[in-house]
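All remarks here apply to the structure that follows.
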Amino acid sequence: MTRKISHEDNIVKKYYEWFFYQYENSGVAICHHSPNENIAVGKEYKLRAIRYNQKLRAMGTKKGFCDMIILCKDKYLLLEFKYGKNKLSDSQKDFMASLEKIGCNEKYIVYSYEEAKKHTINFIKKVYGN
């Protein structure tokens, strides 16, 4: 029986769990989630969230950076997870355009665990020549 996933965060968690046991645990590749979500929740946290986001930007966190980066040998794969009818934000569109400018071809917008898994398997096969 397939478990139904109802939220983007759950898709990302399920993907990372699969990735860790499939590739990272055996030293084939490394997966990193970029925690660049907006943390502003409620009025009492708004100022703290603004300061925290300013700190992250000053440290090099990019608005619109993809959710996951997979590192394998000297190659990388970027995945942006979306759920339902969600679309790229303007900052995500800008970041994708920046990737195009530097020649990054291994980047995908994925709407399901299965889609992310498929792109990852294809990427690993390409890197290892299988």
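Every residue in the range 49-84 that is more than 20 Å from ASP9 (Cα to Cα), among the basic types (Lys, Arg) and outside any helix (DSSP H, G or I), please.
Answer for the range 49-84, where residues must be more than 20 Å from ASP9 (Cα to Cα), among the basic types (Lys, Arg) and outside any helix (DSSP H, G or I): LYS73, LYS75.
Taking the residues in the range 42-87 that are of a type in the set (Asp, Glu) and out of contact with any Leu (no Cβ under 9 Å at 6 or more places or on another chain) as candidates, determine which candidate is farthest from LYS126 (Cα to Cα).
GLU44
How many residues does the range 98-115 hold that are part of a loop (DSSP other than H, G, I, E, B), of a type outside the set (Gly, Ala, Ser) and either out of contact with any strand residue (DSSP E or B) (no Cβ under 7 Å at 6 or more places or on another chain) or farther than 18 Å from TYR23 by Cα (or both)? Explain how you work it out, then say what you get.
So in the range 98-115, the residues part of a loop (DSSP other than H, G, I, E, B) come out as 102-106, 111-112.
Okay, now just the ones that are also of a type outside the set (Gly, Ala, Ser), so 102, 104-106, 111.
With the extra rule that they be either out of contact with any strand residue (DSSP E or B) (no Cβ under 7 Å at 6 or more places or on another chain) or farther than 18 Å from TYR23 by Cα (or both), the set shrinks to 102, 104-105, 111.
Final tally of qualifying residues: 4.
Within 18 Å of PHE19 (Cβ to Cβ), free of Cβ contacts under 8 Å to residues at least 24 places away in the same chain and not in a strand (DSSP E or B): which single residue out of LYS118, LYS87 fits that description? If you could, list the steps in order and put the result at the bottom.
Values: LYS87 fails: within 18 Å of PHE19 (Cβ to Cβ).
Matching residue, one of LYS118, LYS87: LYS118.
Under the condition of being under 14 Å from the mean Cα position of the chain (by Cα) and not acidic (Asp, Glu), which residue from the range 100-111 is farthest from GLY64 (Cα to Cα)? Working first, answer last.
The first filter runs over the range 100-111 and keeps only residues under 14 Å from the mean Cα position of the chain (by Cα), leaving 106-111.
Now narrow it down to the ones that are not acidic (Asp, Glu): 107-111.
Details: LYS107: 13, TYR108: 13, ILE109: 12, VAL110: 15, TYR111: 17 Å.
Out of the qualifying residues, it is TYR111.
Do we find that PHE95 is part of a helix (DSSP H, G or I) and in contact (Cβ under 8 Å) with a residue 40 or more places away in the chain in this structure?
On the way: part of a helix (DSSP H, G or I): yes; in contact (Cβ under 8 Å) with a residue 40 or more places away in the chain: no.
For PHE95, the condition - part of a helix (DSSP H, G or I) and in contact (Cβ under 8 Å) with a residue 40 or more places away in the chain - is not met.
Looking only at residues in the range 48-82 that are at pLDDT 90 or above and among the aromatic types (Phe, Trp, Tyr), which one is surrounded by the most Cβ atoms within 10 Å (Cβ to Cβ)?
PHE81
The values are calculated or read from the model by the stated rules, or taken from the named source; none is laboratory data. Computed from a predicted model, the values in this text were never measured in an experiment. FYI the Cβ positions are ideal-geometry reconstructions off the backbone, even for glycines, and counts take in every protein chain you see.
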